[in-house]
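The values are calculated or read from the model by the stated rules, or taken from the named source; none is laboratory data. Here the structure is a predicted model, which is why all the values come from computation and not from measurement. For neighbour counting, all protein chains shown are included, and Cβ atoms are generated from backbone atoms with ideal geometry for every residue, glycine included.
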Amino acid sequence: MHTAALAASGFGAWQYLHLPLPPELFAETMRALPAAGFRGVNVTIPHKQAALAVADAASVAAREIGAANTLTFEDDGAIVADNTDAPGLIEALPAGFDPAGRAALVLGAGGAGRAAVWALLRAGADVAVWNRTTARAQALADELGARAVLEGEPSDLIVNCTSVGLGPNIDPFKALPLKADTFEVGSCVIDMVYSQGHTRLLEAAERRGASVVDGLEVLVAQGAASFERWTGQTAPRQAMREAVRTPSIT
């Protein structure tokens, strides 16, 4: 995705590389990357909290969510942390779907769930959060100002931040506190799972007339925000979208 974006934007000499790191080397490596010519990095599990800790400065989103997925290296070597999971989620909503004043249900209280709850609260939604471990949902709700729920409730927007969609044989209506008649025309369902094709949850929602957004669309929006922080240019979203939706040939 980023390789396609760089090529489409005239940054053909830049490279986007995979850098697997053990946690014990994360901070040391991040401090060394600016001098090695790196402009920034995307960070994923298990390094998102460490990315915030190593930064010299951080956006409001990164600080309040408590995690960063994007680090940008300034010309003087300073490290700036940001979290593009949150704005990426909002950008990926269907055109005309304004979460302000709407009931939203976030499933999962991990890193993606935290970002979703924060983003939707900032957008003016009434946010409920559910997690298999009730205490985690309650802790997240108390910290960010949402409501913890034990069961699903009627919602205009549902965001699945659990791994349920990864398993093609997992029934989402048994693994999640949802019923098939939960979805209505005018509602929206987002599944954060990155997969080619809709998950069973999105297929069920679409059959009921709900708008659906898959994890790849959110990934494009997240990646575009990171790209713009590193380059200062508008990201070529269509090129990025085509790249993530083209099956890899191995």
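Under 6 Å between Cβ atoms, which residue pairs at least 6 apart in sequence (or on different chains) link something in the stretch 184-199 that is of a type in the set (S, T, N, Q) with a partner that is modelled with pLDDT of 85 or more and not in a loop (DSSP other than H, G, I, E, B)?
Thr199/Asp191
Taking only the stretch 56-67 into account, find how many residues are modelled with pLDDT under 95 and in a loop (DSSP other than H, G, I, E, B).
2
In the stretch 75-107, which residue that is at pLDDT 95 or above and charged (D, E, K, R) is surrounded by the fewest Cβ atoms within 10 Å (Cβ to Cβ)?
Asp98
Name the pairs whose Cβ atoms lie under 6 Å apart, with the first residue in the stretch 216-238 and assigned by TED's automatic domain parsing to the domain that holds Glu74, the second of a type in the set (Asp, Glu) and assigned to a helix (DSSP H, G or I), and 6 or more positions between them or separate chains?
Close Cβ pairs (under 6 Å, with a partner that is of a type in the set (Asp, Glu) and assigned to a helix (DSSP H, G or I)) amount to Ala221/Glu91; Gln222/Asp85; Ala235/Glu228.
Pick out the one residue from Leu25, Leu71 that is among the hydrophobic types (A, V, I, L, M, F, W, C), surrounded by 12 or more Cβ atoms within 10 Å (Cβ to Cβ) and not in a loop (DSSP other than H, G, I, E, B). Show your work before the answer.
Details: Leu25 fails: surrounded by 12 or more Cβ atoms within 10 Å (Cβ to Cβ).
None of the other options fit; the residue is Leu71.
Within the stretch 3-61, track down each residue that is within 16 Å of Glu228 (Cβ to Cβ) and in contact with a helix residue (DSSP H, G or I) (Cβ under 6 Å, 6 or more places away or on another chain).
Listed by number, the residues that qualify are Ala4, Ala5, Ala8, Trp14, Tyr16, Arg39, Gly40, Asn42, Ala61.
Within the stretch 108-120, is even one residue surrounded by fewer than 24 Cβ atoms within 10 Å (Cβ to Cβ), part of a strand (DSSP E or B) and either out of contact with any His (no Cβ under 8 Å at 6 or more places or on another chain) or not assigned by TED's automatic domain parsing to the domain that holds Gly40 (or both)?
No; the residues of the stretch 108-120 include none that is surrounded by fewer than 24 Cβ atoms within 10 Å (Cβ to Cβ), part of a strand (DSSP E or B) and either out of contact with any His (no Cβ under 8 Å at 6 or more places or on another chain) or not assigned by TED's automatic domain parsing to the domain that holds Gly40 (or both).
Let me confirm something: among Ile65, Ile45, which residue is out of contact with any His (no Cβ under 6 Å at 6 or more places or on another chain), touching a residue at least 40 places away in the same chain (Cβ under 8 Å), surrounded by fewer than 15 Cβ atoms within 10 Å (Cβ to Cβ) and assigned by TED's automatic domain parsing to the domain that holds Met240?
Ile45
Select, from Thr234, Thr246, the only residue that is under 23 Å from Leu71 (Cβ atoms) and of a type outside the set (Lys, Arg).
On inspection, the qualifying residue turns out to be Thr234.
Restricting attention to the stretch 206-250, which residues are surrounded by 16 or more Cβ atoms within 10 Å (Cβ to Cβ) and among the β-branched types (Val, Ile, Thr)?
The answer is Val212, Val213, Val218, Val220, Thr231, Val244.
Could you tell me whether the stretch 197-205 includes any residue that is out of contact with any strand residue (DSSP E or B) (no Cβ under 7 Å at 6 or more places or on another chain), surrounded by 16 or more Cβ atoms within 10 Å (Cβ to Cβ) and assigned to a helix (DSSP H, G or I)?
Checked against the condition, which is being out of contact with any strand residue (DSSP E or B) (no Cβ under 7 Å at 6 or more places or on another chain), surrounded by 16 or more Cβ atoms within 10 Å (Cβ to Cβ) and assigned to a helix (DSSP H, G or I), the stretch 197-205 yields at least one hit.
With assigned to a helix (DSSP H, G or I) and within 19 Å of the chain's Cα centre (by Cα) as the only criterion, which of Ala104, Ala81, Ala50, Ala7 stands out?
Sole residue among the options that is assigned to a helix (DSSP H, G or I) and within 19 Å of the chain's Cα centre (by Cα): Ala50.
Pairs, please: C-beta under 8 Å, at least 6 apart or cross-chain, first residue not assigned by TED's automatic domain parsing to the domain that holds Ile65 and in the stretch 128-154, second loosely packed, with under 13 Cβ neighbours inside 10 Å and in a helix (DSSP H, G or I)?
Cβ pairs passing all conditions: Ala148/Asp142.
Are any of the residues in the stretch 233-242 at positive phi and either of a type outside the set (D, E, K, R) or modelled with pLDDT under 95 (or both)?
No, every residue in the stretch 233-242 fails to be at positive phi and either of a type outside the set (D, E, K, R) or modelled with pLDDT under 95 (or both).
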